[in-house]
Amino acid sequence: MKRYSVIFGFLASCMTAVWMAACGPIGAEEPFDPGYFSLPEVAYFPTQTNEPAANPLSTEGVRLGRFLFYDLRLGGHHDADSLLSCASCHVQAHGFESGLDNDRLENGKMRGAAGFSTVHAMLPLVNIAYNTRCLGWNGAFDYPSKHLEDLIRATLLDTAEFAGTVSGIEERIRGIDWYPPLFAAAFGTSQVTFDRICQALAQFVRSLVSHDSKFDRFMRGETILSDEEMKGYVLFVTEEGADCFHCHGGIGNVLFSTYEPLVNGLDPQEAFTDPYDRAFVSGQASDKGAYRVPTLRNIEYTAPYMHDGRFTTLEEVIDQYSEGLHYSPHISPLMHHVGDKGVQLTPVEKQCLKAFLLTLSDENFIRNPLYSNPFRHDTIPGFEEESAQ
Ligand code: HEC
Ligand code: HEC
């Protein structure tokens with residue numbers, strides 16, 4: 001009997017616990033539900049993403065991340081000049097690259113909160129969620145040992161970028177009274193921590209998906225490419241043509257990058273003077289002058305080009321691959337035509353190749369209101385976002 005009553009007592013307390021969890025004690029907060037957030041379903045996109053189990057995408061997480069991404073107070077710790085947000089450098093109209101007209105730009109590099117220039121030119125923020133190889137020009141954030149969250153943490157602390165401290169950033173964000181409720185909605189409690197700041201920012205960055213360029217509409221059978229664009233596409237994906245596809249995809253790989261760190265035949269006198277190349281990460285001499293292949297999506301908006309921003313136009317880039325290649329002992333074996341200094345395109349072929357590259361521009365991405373600055377009209381946080389639906 002005694003045994004039964006123990007079991008029964010145990011069951012009764014379990015049921016009470018279940019009831020309490022379901023109904024909640026009187027006066028408790030609503031059950032925590034940050035809302036399911038799914039990336040757009042694109043049939044020909046990769047199914048794998050770099051979303052860590054510890055930081056799944058949620059509607060409230062992405063929403064909080066968007067405010068943080070555009071909040072100038074994230075960097076403003078010295079004086080008004082050091083006010084800095086992710087969007088000071090990553091500008092939506094430029095595919096979340098800096099853009100040539102950005103007043104923080106110096107020779108393709110950006111100046112951070114402490115006034116120092118970044119070591120490399122910018123990288124755009126596009127389809128980052130699908131990069132399961134490595135992040136950064138030198139691929140220092142190798143997946144899966146390092147995550148986007150780690151890159152963002154480094155960005156916030158780096159003297160060439162935010163030059164912040166963990167406690168300084170936490171205190172600044174905590175001190176803005178409408179942030180703690182947004183943290184509660186995204187993470188279950190209103191605690192503002194540095195880790196949560198990085199997690200929410202990573203969620204917003206992962207939500208930036210470009211899948212509506214002319215090339216995408218062509219892939220979906222909704223439009224056709226012009227003769228010129230089609231010729232450029234064929235050149236792009238053939239070895240005897242412009243031979244771009246081994247590194248930049250185009251068939252099968254719609255991210256337009258393998259994200260492998262490689263030497264692509266830039267002038268070694270210039271390219272190999274940078275101490276922060278792939279060799280800095282790997283310690284391998286063969287990685288001297290190697291950089292991670294960048295995506296070509298939205299390339300029209302993301303000048304200047306290459307890790308040091310040496311080219312300002314696509315014409316210059318195409319000339320480089322056509323007749324400007326330099327041999328060096330560790331050049332990627334995929335640069336098949338280096339013996340001829342390049343793929344030797346005719347002027348008409350160059351024009352076609354450029355026309356194809358321009359089909360990767362996604363106007364709906366650079367104008368998507370859900371990616372835009374939520375503070376623009378100084379409204380109540382969230383107002384713009386809701387009215388943009
Ligand atoms: C001062 C300018 C500046 C600011 C501010 C800035 N970035 Fe960047 N970002 C860069 C530069 C430059 C790179 C390329 C760095 C490199 O790889 O050497 C970069 C690279 C990145 C990358 C890697 C992209 C890829 O394809 O590998 C991500 C992600 C990123 N930034 C996110 C952010 C976020 C989030 C913020 C805000 C917390 C931010 N950045 C603030 C300049 C900036
Ligand atoms: C062997 C691999 C490889 C091949 C083949 C290749 N690229 Fe690249 N591409 C790279 C690498 C690596 C970089 C970055 C190099 C750097 O910044 O130092 C790059 C950079 C670029 C950039 C600059 C992007 C930016 O955001 O700054 C453009 C544009 C480009 N490539 C276009 C092309 C075109 C067009 C072709 C074909 C004619 C081509 N690439 C062939 C590896 C390759």
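The values are calculated or read from the model by the stated rules, or taken from the named source; none is laboratory data. The structure presented is a predicted model; accordingly, all values stated were derived computationally and were not measured. Note: ideal-geometry Cβ built from the backbone for every residue, glycine included; neighbour counts use all protein chains shown. Accessible surface is based on the protein model in full, side chains and every heavy atom, while ligands, DNA and RNA are left aside. Shrake-Rupley method; radii C 1.70, N 1.55, O 1.52, S 1.80 Å.
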Original post:
Restricting attention to the alpha-carbon atoms of the chain, what are Rg (one decimal) and Dmax (integer), both in Å?
Top reply: 24.3, 95
Original post:
Measuring from centroid to centroid over Cα atoms, what is the spacing of segment 83-113 and segment 144-166 in Å?
Top reply: 17 Å
Subject >> Percent of Cα-Cα distances greater than 22 Å, calculated over segment 59-209 >> reply: 38 percent
**OP:** Find how much the distance from Trp178 to Glu315 grows on full extension, using 0.36 nm per residue of separation minus their present alpha carbon separation; answer in nm with one decimal.
**Re:** 44.5 nm
Original post:
Is segment 272-352 rounded, prolate or oblate when judged by the Cα gyration tensor, a ≥ b ≥ c being the square roots of its eigenvalues, rounded requiring a/c under 1.5 and prolate requiring a/b larger than b/c?
Top reply: oblate
**OP:** Compute the FRET efficiency between Asp150 and Lys341 as 1/(1 + (r/R0)^6), taking r as their Cβ-Cβ distance and R0 = 41 Å, and round to the nearest 0.05.
**Re:** 0.55
**OP:** Counting helices only, and only those DSSP H runs with n ≥ 4, report the 222 nm mean residue ellipticity of the chain as the sum of -39,500 (n - 2.57) divided by its residues, in deg cm²/dmol to the nearest 500.
**Re:** -10000 deg cm²/dmol
Original post:
Hey, what angle do you get for helix 314-323 against the long axis of the chain, alpha-carbon based, 0 to 90 degrees rounded to 10?
Top reply: 50 degrees
Subject >> Positive-end residue of Val254, Thr359, Leu266, charge dipole of segment 214-361 with Cβ unit charges >> reply: Val254
Original post:
To the nearest 0.05, how large is the calculated FRET efficiency for Asp142 and Val348 if R₀ is 35 Å and r is the Cβ-Cβ distance?
Top reply: 0.30
Original post:
Could you give the alpha-carbon Rg of segment 214-361 over 2.2 N^0.38 Å, rounded to two decimals?
Top reply: 1.04
Original post:
How much of the calculated P(r) for segment 221-283 lies past 18 Å, in percent of all Cα pairs?
Top reply: 54 percent
Original post:
Points 7 angstrom from Cα along the Cβ direction at Ala285 and Val119: gap in nanometres?
Top reply: 2.1 nm
Original post:
Along the charge dipole of the chain, Cβ charges K/R +1 and D/E -1, which of Leu156, Leu370, Phe37 sits furthest on the positive end?
Top reply: Phe37
Subject >> Relative contact order (%) - criterion: Cα under 8 Å, at least six apart; region: the chain >> reply: 19 percent
**OP:** Add +1 for every Lys or Arg and -1 for every Asp or Glu among the other residues with Cβ under 10 Å from the Cβ of Gly35, and state the total.
**Re:** -1
**OP:** Leaving ligands, DNA and RNA out of it, report the carbon-plus-sulfur percent of the accessible area of the chain at a 1.4 Å probe.
**Re:** 57 percent
Subject >> Computed magnitude of the charge dipole of segment 137-237 (debye, nearest 20; Cβ of K, R +1, Cβ of D, E -1) >> reply: 180 debye
Original post:
In segment 151-241, which GluC sites (Glu not before Pro) are in a loop and have at most 15 other Cβ atoms within 10 Å, using DSSP for the loop call?
Top reply: Glu222, Glu239, Glu240
**OP:** Rank Gly342, Pro52, Gly95 by how far each Cα sits towards the positive end of the charge dipole of the chain (+1 on Lys, Arg Cβ; -1 on Asp, Glu Cβ) and give me just the farthest.
**Re:** Pro52
Subject >> Unit charges on C-beta of K, R, D, E only; dipole of the chain, Debye >> reply: 1260 debye
Original post:
Given a 1.4 Å probe, how much area per residue of the chain is accessible, in Å²?
Top reply: 49 Å²
